[in-house]
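> Okay, here's the structure, questions in a sec.
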């Protein structure tokens with residue numbers, strides 16, 4: 001980009017002609033127009049701006065002259081807009097630019113719109129557009145110089161950011177490993193607890209429902225010897241309190 005700007009700037013400055021008072025001479029040549037009077041040039045440019053239409057349906061721009069080795073163009077552009085019922089319509093407008101075949105850069109002044117209220121500015125519209133090659137070249141050279149001066153610092157910052165990014169990736173990987181180990185250990189502990197619980201349940205005995213020992217009525221005890229009575233009572237208690245295992 002800068003090389004193209006330099007080429008256009010050199011072309012412009014090599015052909016530029018100055019008036020005796022130091023102002024830049026406007027040696028514009030417009031297609032289909034003969035004359036050098038500023039007002040006449042202005043009227044011709046304004047006339048093109050207001051009334052030019054593309055020569056055929058497939059084209060949107062046309063060369064209209066040259067100045068200091070630059071080709072001068074008019075182009076028509078369309079801009080969409082919505083109307084009240086929501087439909088989209090287009091409005092057309094014309095603007096100007098200057099360019100060279102070598103660079104292809106399109107130079108404009110006032111976004112390509114001539115100042116219709118100032119005859120002098122309108123007549124010099126293309127000259128002002130071409131003159132921007134100088135300021136654009138200077139701006140790009142300044143930006144490039146600033147970038148070159150800041151490049152070492154930018155490279156250090158980029159390297160530092162890369163190192164931090166690698167460190168962050170490593171930390172994330174370690175964290176993922178720790179989480180996996182913790183999950184594994186928790187799972188093993190849970191399995192141990194479940195196994196122990198099953199083993200404990202296998203040795204658990206549940207008591208049968210205990211029935212009360214038969215109560216021997218007093219009148220019957222008189223007929224049974226004391227020694228036999230105690231044995232029978234003891235045996236009944238043992239039967240009724242016996243435990244079973246599953």
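Every number in this text was worked out from the coordinates using simple rules, so none of it is lab data. Quick caveat, the model's predicted, so the values are computed rather than measured. Cβ placement follows ideal geometry from the backbone for every residue including glycine, while neighbour counts extend to all protein chains displayed.
> Sort 97, 68, 90 by Cβ crowding within 10 Å, fewest neighbours at the top.
Fewest-to-most Cβ neighbours within 10 Å comes out as 90, 97, 68.
> Over segment 69-140, what is the relative contact order in whole percent, taking alpha-carbon pairs under 8 Å and six or more residues apart?
Computed value for segment 69-140: 25 percent relative contact order.
> With the alpha-carbon atoms as the only input, what is the per residue convex hull volume for segment 1-46 in Å³?
Spelled out: Cα convex hull of segment 1-46, divided by residues, is 119 Å³.
> OK, next. Give me the distance between the Cα centres of segment 6-39 and segment 86-142, rounded to whole Å.
Between the Cα centre of segment 6-39 and that of segment 86-142, the gap is 16 Å.
> Using r as the Cβ-Cβ distance of residue 141 and residue 178, and R0 as 45 Å, what FRET efficiency do you calculate, to the nearest 0.05?
With R0 = 45 Å, the Cβ-Cβ based efficiency is 0.25.
> Which ordering of 134, 41 is given by a fewest-first count of other beta-carbon atoms within 10 Å?
Least crowded to most crowded, the residues run 134, 41.
> What's the FRET efficiency of residue 19 with residue 81 using the Cβ-Cβ distance as r and R₀ = 41 Å, to the nearest 0.05?
My answer for the efficiency is 0.40.
> Give me the log10 of I(q) over I(0) for segment 79-154 at q = 0.11, 0.21, 0.22 Å⁻¹, as the Debye formula computes it from C-alpha points; what are the numbers?
Cα-only, vacuum Debye calculation for segment 79-154: -0.53, -0.94, -0.98.
> Once label points are set 7 Å from the Cα along Cα→Cβ at both residue 191 and residue 110, what is their separation, rounded to one decimal in nm?
Taking the two extended label points, one gets 8.5 nm.
> Dividing the alpha-carbon Rg of segment 35-85 by 2.2 N^0.38 Å yields what?
Rg over 2.2 N^0.38 Å, computed on Cα atoms: 1.51.
> Translational diffusion coefficient of segment 2-150 at 10 °C, 1.306 mPa s, Stokes-Einstein with Kirkwood Rh over Cα pairs, in µm²/s as a whole number.
It comes out at roughly 93 µm²/s.
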